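Chemist: The structure's right below; bear with me while I get my questions together.
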Amino acid sequence: MSSVALPAQPERIMKELARVWTSLAEEERHQGGPTVLRACAMTLIVATDDEDEESLAASQTLTELMHAHPSRAIVLRSSDRAGEGLSAHVFAQCWKPFGKAQQICCEQIEIAARPDQWLDVGPTVLGIIVPDLPVVVWCRQKSALRSSANDRAQVGLESVLSLATKTIVDTRGIPVPEALARMREWKQRGRIVGDLEWTRLTPWRQTIAHAFEDFDALSELKNIRTVEIAYTDEVAPASALYAAAWLENGIAANAALRREEGFGPGLHRISLKSGNTSIELERTGPTCIRLNVGDKEQQISMAGSSLYELMHEELTVLGPDAVFDAAFEKVGEIRS
Amino acid sequence: MADANPFQDPLRFERRVPPCAIVIFGANGDLTKRKLLPALYRLAYERRIPQNFAMVGNSRTPMSDEDFRQKMKESVQKFIENSPFDESVWESFEQTLYYVAGDLKDTRCYQAIQKKLAEAEQQNQTGDNVLYYLSTQPSYYEIVIEQLGKHTMNRGKGWRRIVIEKPFGHDLASAHKLNQQTHEVFPEEDVYRIDHYLGKETVQNILAFRFGNGIFEPLWNRRYVNNVQITAAESIGVEGRGAYYQEAGALRDMIQNHLLQVMATVTMEPPTVFDATNVRDERAKLLRAIRVMKPEQVPLYAVAGQYGPAKIGGQQVPGFRQEEGVDPESQTDTYAAGTFFVDNWRWAGVPFYIRSGKRLPKRVTDIAIQFNAPPLAMFQQETRMGPRAPRPNLLVLRIQPEEGISLRFLSKSPGSGMRVRPVSMDFNYGSSFGERSPSAYETLLVDVMTGDPTLYTRQDMVEASWKVVQPILDVWQNQKFNFPNYDAGTWGPRESDEMLARQGHVWRTP
């Protein structure tokens, strides 16, 4: 269900939301169905702009995420094409779980503004977040990680980020030094920040962690002298730096980063070698990693790498993430 | 040597299987094909099965390892739920599957399994940890356990554990005997009696709901709870399992194990620590506190039923006695209901009604906690029969199919008069957390392989629950029922309604 464009004033938006719910319930009643069920576990704010080439995929992901993380979704779109003043649309995303009669609905509010009007977004959002529940900002605006926070748009975005229990970004495709510097700034202000480039490492990290449980490897840890991390991008992506930092936090050896041809984008291979044995992970397909421990080989699924799965994982970790924080700190040392 | 794995990340990594081998007895059976293998494959898909893993299947059918792998692949493709089948993951996983054909009564079968385990250990370095899974007919349990002992397969450098599927005996005496025989070979801490109901996410959620929230526990006692109704209804009949079911019946098949365990989960005291010993101690204490009926009380507090033929949805369905493999004079209960009381300070006097049956109107398992009405009925509820005293609050914990929790309370009807009507506040587990839940078998397999028995039943729990149902079984065994006494597609026999009416209650319609 969609509504006409509204002035983006909190009271107008909340009134429209109430109207949407009443109308949904009436519709169900007319069809003889049970009432609709409103589900909400958080406010999920998606900040996007004209530069976001995958906004359609993100929108689809947002709909899928509603099933696992029912939310009041607020999509904030910064666009040169937006009209004068802030405008809002209110929707309900509804679905019937397979084989079930009751309709489950979540709320979605879309607010569009021109970049120069972003300063006004914060007060609107403040009035429409769900009380007493976490607020997560999925920041898809690349500019937020790139430029300084001086212009009006950035100040506007800052007012939204200040509401967040957690901010999720994706540094893939963004110059790493600038992105990490901005994230560091946020973290220094006590904010919880997640990066999907770190989330992409989960299958790799999990496999390495497991390998060290199995073969008499724990005792081999101190003998590991060679750590190589290969990537397919032109320059080392954040995921490669995070992987190096994470490994260096556990092993007394420096990781060498190099570019290689292979499946990409992102990490292609990680290898750890001691005098006695070796562990090597190599991406052999879009969804597969080959693990070699000594002469034993195993194919590992990279399940968990779609945008939905990455976001789902990040949304299940809303509190501090000590392992990521430690790796993030270490990245600074590696880069310096 | 380092103390701990520095790469572990418990916030993001799921628990995974340690190096070990599983021997499945009855590997050509339905349980292996429908549940165990799909669960193991799913664990492999989620990167939770290590390289150092092996599964040795056994049954009588002659098959090579390759044939077995092909058969298991077909089963996984057919029965895996909500998961993709990844050919490359399967190719790696199937290398860990082995097969030994042999008769469980033949000692050569165990020698062959030993040989295969040694081979798997050599090839996969399973740490000499072995889990035996009894997925055979119950009549083989004793033989297998005895033979494992005779071949010293119960000991080794690594751990040895055994999983026993229900039924754990067919009465108190046989359960006690099975426990004794098992303990001659395996100590209790290595015995894992599986009740897959306890592995269901929603049954586990009962513990989170009760002990993770502060607002419910103060109401969770005789002062506020009027009665509790536990329903496990199936719409299907015996579906080709007539011969087995005829020997079991609803009381043995569902109430003695699943539903009494669920009741214990709903009513047990909070454990001081959430660990296996404390949680199981509290469950066991509760089961021991259930009042055991005297023979003369059985007709008042227990009802047996058997479905007869009927037309459902325009289709004629057979009665139980017309099912394949069933005695036309069968006295087996396809429906059982009981009124139970818990003799402790928290629950004294509160009736717990439990019912389970086949060919009921729908498939549903839930627990309904009915609270006392307010002491003074100030408002009236609008009904089709006119105004009447409002219905009391009801908290429903739904186990399946729509897992969740509903709270029914009263709200003012819109309009000028002060009339109230019930409304339901729903938490829908499946849709609120629409993420795929692990199957009960995934959870329970990882638990046993990591040595966590919290969700498994212990000897004293099994025997306590048999003690509760034994007097009913004894009385029913000597009684000739006038079966069938309910039509397929109805909510059971009239006597069941009368049992509640004697306490001033009625069954709710789930």
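Chemist: Suppose only helical runs count, i.e. DSSP H with n ≥ 4. What mean residue ellipticity at 222 nm does that imply for chain B under -39500 (n - 2.57) per run, divided by all residues and rounded to the nearest 500 deg cm²/dmol?
Modeler: Details: 15 runs with 161 residues, N = 510.
It lands at -9500 deg cm²/dmol.
Chemist: For the protein assembly as shown, rounded, prolate or oblate, judged on the Cα gyration tensor with a ≥ b ≥ c (square roots of eigenvalues), a/c < 1.5 rounded, else prolate if a/b > b/c?
Modeler: Working: a/c = 2.24, a/b = 1.18, b/c = 1.89.
It comes out oblate by the Cα gyration axes.
Chemist: Also, I was wondering about something else. Among B:His505, A:His210, rank each residue by its count of other Cβ atoms within 10 Å, from fewest to most, as a rough exposure measure. Let's see the in-between values first.
Modeler: On the way: B:His505 17, A:His210 25.
The most exposed by this proxy come first: B:His505, A:His210.
Chemist: Next question. Take the Cβ-Cβ distance between B:Phe211 and A:Asp120 as r, set R0 to 41 Å, and report the resulting FRET efficiency rounded to the nearest 0.05.
Modeler: 0.35
Chemist: Rounded if a/c is under 1.5, else prolate if a/b beats b/c, else oblate: with a ≥ b ≥ c from the C-alpha gyration tensor eigenvalues square-rooted, which is chain B? Kindly include the intermediate steps, with their values, before the conclusion.
Modeler: Working: a/c = 1.86, a/b = 1.54, b/c = 1.21.
Verdict is prolate for chain B.
Chemist: Taking neighbour Cβ counts within 10 Å as the exposure measure, how do B:Trp491, A:Trp95 sort from fewest upward? Don't skip to the end; give the middle numbers.
Modeler: Numbers: B:Trp491 18, A:Trp95 15.
Least crowded to most crowded, the residues run A:Trp95, B:Trp491.
Chemist: About the Cα centre of the protein assembly as shown, what is the dipole size in debye to 20, counting +1 per Lys and Arg Cβ and -1 per Asp and Glu Cβ, all else neutral?
Modeler: On the way: 96 positive and 108 negative charges, 510 e Å.
Charge dipole, the protein assembly as shown, about its Cα centre: 2460 debye, nearest 20.
Chemist: Further question on the same structure: To check you understand DSSP bridge types, tell me what percent of the beta bridges within segment A:6-195 (both residues inside) are antiparallel, rounded to 5. Display every interim value, and only then the final one.
Modeler: Working: 11 of 39 bridges.
Around 30 percent of the beta bridges assigned by DSSP in segment A:6-195 are antiparallel ones.
Chemist: Okay, next question. Taking the Cα centre of chain B as the origin, how large is its charge dipole in debye, to the nearest 20, when only Lys and Arg (+1) and Asp and Glu (-1) carry charge on their Cβ atoms?
Modeler: Taking the Cα centre of chain B as origin, the dipole is about 1620 debye.
Chemist: Can you give the average number of partner chain beta-carbon atoms within 10 Å of each beta-carbon in peptide A:65-72, as a whole number? Could the numbers behind the result be given before it?
Modeler: Working: counts 1, 2, 6, 6, 4, 5, 0, 0.
If you average over the peptide's residues, the count of other-chain Cβ atoms is 3.
Chemist: Still on this structure, please answer the following. Using 7 Å Cα-to-Cβ label points, what is the A:Gln188/B:Ala118 separation (nm, one decimal)?
Modeler: So the two model labels end up 6.6 nm from each other.
Chemist: Still on this model: Using the Cα centre of chain A as the reference point, and only Cβ charges (+1 on K/R, -1 on D/E), how large is the resulting charge dipole? Debye, rounded to the nearest 20. If you can, show how the numbers build up before the last one.
Modeler: Details: 35 positive and 47 negative charges, 83 e Å.
Dipole magnitude for chain A comes out near 400 debye.
Chemist: Counting pairs of alpha carbon atoms under 8 Å apart in space and at least six apart in sequence, what relative contact order in percent does chain B give?
Modeler: Values: 922 pairs, mean separation 85.2, N = 510.
That works out to 17 percent.
Chemist: Let me ask you something else. Say the cut-off is 19 Å between C-alpha atoms; which of A:Lys142/A:Lys330; B:Lys362/B:Lys467; B:Lys35/B:Lys467; B:Lys78/B:Lys116; B:Lys35/B:Lys73; B:Lys177/B:Lys467 go over it? Display every interim value, and only then the final one.
Modeler: Values: A:Lys142/A:Lys330 24 Å; B:Lys362/B:Lys467 30 Å; B:Lys35/B:Lys467 30 Å; B:Lys78/B:Lys116 28 Å; B:Lys35/B:Lys73 13 Å; B:Lys177/B:Lys467 14 Å.
Correct reply: A:Lys142/A:Lys330; B:Lys362/B:Lys467; B:Lys35/B:Lys467; B:Lys78/B:Lys116.
Chemist: Jot down the radius of gyration and Dmax of segment B:169-253, Cα atoms only, both in angstrom.
Modeler: 18.4, 48
Chemist: Expressed as a rounded percentage, what relative contact order does segment A:149-235 have, with Cα pairs under 8 Å and six or more residues apart?
Modeler: Numbers: 35 pairs, mean separation 21.0, N = 87.
24 percent.
Chemist: Mind jotting down the distance between the C-alpha centroids of segment B:1-66 and segment A:197-214, whole Å?
Modeler: Their Cα centres are 19 Å away from one another.
Chemist: In square nanometres, what is the average projected area of the Cα convex hull of segment A:201-301?
Modeler: Details: hull surface 22.9 nm².
If you wrap the Cα atoms of segment A:201-301 in a convex hull and average its projections, you get 5.7 nm².
Chemist: Let me ask you something else. How shielded is A:203-213 by partner chains, expressed as the average number of their Cβ atoms within 10 Å of its Cβ atoms? Let's see the in-between values first.
Modeler: Numbers: counts 2, 0, 5, 10, 4, 2, 9, 13, 4, 5, 8.
For this peptide, the per-residue mean of nearby foreign Cβ atoms is 6.
Chemist: Starting from the 7 Å offset along Cα-to-Cβ, what nm value, one decimal, do you get for the label separation of B:Ala373 and B:Met418?
Modeler: About 1.7 nm separates the two model spin labels.
Chemist: Find which of A:Leu307, A:Thr43, A:Ala230 sits farthest along the positive direction of the dipole of chain A, computed with +1 on the beta-carbon of Lys and Arg, -1 on that of Asp and Glu, about the Cα centre.
Modeler: Selected residue: A:Thr43.
Chemist: Next question, about the same structure. Within 12 Å, Cβ to Cβ, of B:Met55, how many net charges do the neighbouring residues add up to if Lys/Arg are +1 and Asp/Glu are -1?
Modeler: Details: positive: B:Arg69, B:Lys116; negative: B:Asp65, B:Glu94.
So the environment of B:Met55 carries a net charge of 0.
Chemist: Here's something else I'd like to know. Which aspartates and glutamates, on any chain, are close to B:Lys200 with Cα under 16 Å apart, when same-chain ones fewer than 8 places away are left out?
Modeler: Partners found: B:Glu81, B:Glu165, B:Asp366, B:Glu402, B:Glu403, B:Glu435, B:Glu442, B:Asp447, B:Asp452.
Chemist: Next up: Going by a 4.7 Å Cβ-Cβ cut-off, which cysteines of chain A have no partner at all?
Modeler: A:Cys40, A:Cys106, A:Cys139, A:Cys288
Chemist: As a footprinting exposure proxy, order A:Leu119, A:Leu201 by other Cβ within 10 Å, with the fewest listed first. Don't skip to the end; give the middle numbers.
Modeler: Working: A:Leu119 18, A:Leu201 23.
Ranked by crowding around the Cβ, least crowded first: A:Leu119, A:Leu201.
Chemist: Of A:Ala243, B:Asn205, A:Pro286, which is farthest on the positive side of the dipole of the protein assembly as shown, counting Cα position, with +1 on Lys and Arg Cβ, -1 on Asp and Glu Cβ, and the Cα centre as origin?
Modeler: B:Asn205
Chemist: Can you list the HN-Hα couplings for segment A:76-89, worked out from phi with the Karplus curve (6.51, -1.76, 1.60; θ = phi - 60°), rounded to whole Hz and with x for Gly and Pro?
Modeler: Once rounded to whole Hz, the list reads 9, 10, 8, 8, 5, 7, 5, x, 5, x, 7, 10, 10, 10.
Chemist: To continue, here is another question. Taking +1 at the Cβ of each Lys and Arg and -1 at the Cβ of each Asp and Glu, which of B:Ala54, A:Val169, A:Ala73 sits farthest along the dipole of the protein assembly as shown towards its positive end, judged by Cα position relative to the Cα centre?
Modeler: The residue sitting farthest along the positive end of the dipole is A:Ala73.
Chemist: Still on this structure, please answer the following. Highest first, please rank the peptides B:365-378, B:44-57, B:441-454 by the mean number of other Cβ atoms sitting within 10 Å of their residues. The partial results should precede the final answer.
Modeler: Numbers: B:365-378: 16.1, B:44-57: 24.4, B:441-454: 20.2.
Packing order, densest peptide first, comes out as B:44-57, B:441-454, B:365-378.
Chemist: Ignore the peptide's own chain and count Cβ atoms of other chains within 10 Å of each Cβ in B:7-19; give me the average, rounded.
Modeler: On the way: counts 18, 8, 9, 1, 8, 15, 7, 1, 0, 5, 1, 3, 3.
Counting other chains' Cβ atoms within 10 Å and averaging over B:7-19 gives 6.
Chemist: Another one. Sort out for me the Cα centre separation of segment B:249-324 from segment B:186-235, rounded to whole Å.
Modeler: Going from one Cα centre to the other spans 13 Å.
Chemist: Return the percentage of antiparallel bridges among DSSP beta bridges fully within the protein assembly as shown, rounded to the nearest 5 %. Write out the running numbers ahead of the final one.
Modeler: Values: 78 of 146 bridges.
Of the beta bridges lying entirely in the protein assembly as shown, close to 55 percent run antiparallel.
Chemist: Could you work out the relative contact order of chain A, using alpha carbon pairs under 8 angstrom and six or more residues apart, expressed as a whole percent?
Modeler: Details: 618 pairs, mean separation 45.8, N = 336.
It rounds to 14 percent for chain A.
Chemist: Quick check on chain A: take the gyration tensor over C-alpha atoms, sort the square-rooted eigenvalues as a ≥ b ≥ c, and tell me if it's rounded (a/c under 1.5), prolate or oblate. Walk me through the numbers on the way to the answer.
Modeler: Values: a/c = 2.66, a/b = 1.73, b/c = 1.53.
Prolate, since a/c reaches 1.5 and a/b exceeds b/c.
Every number here is computed from the coordinates shown, using simple stated rules; none is lab data. Keep in mind that this is a model prediction, so the values were computed, not measured. Note that each Cβ is placed from the backbone with ideal geometry, even for glycine, and that neighbours are counted across all protein chains shown.
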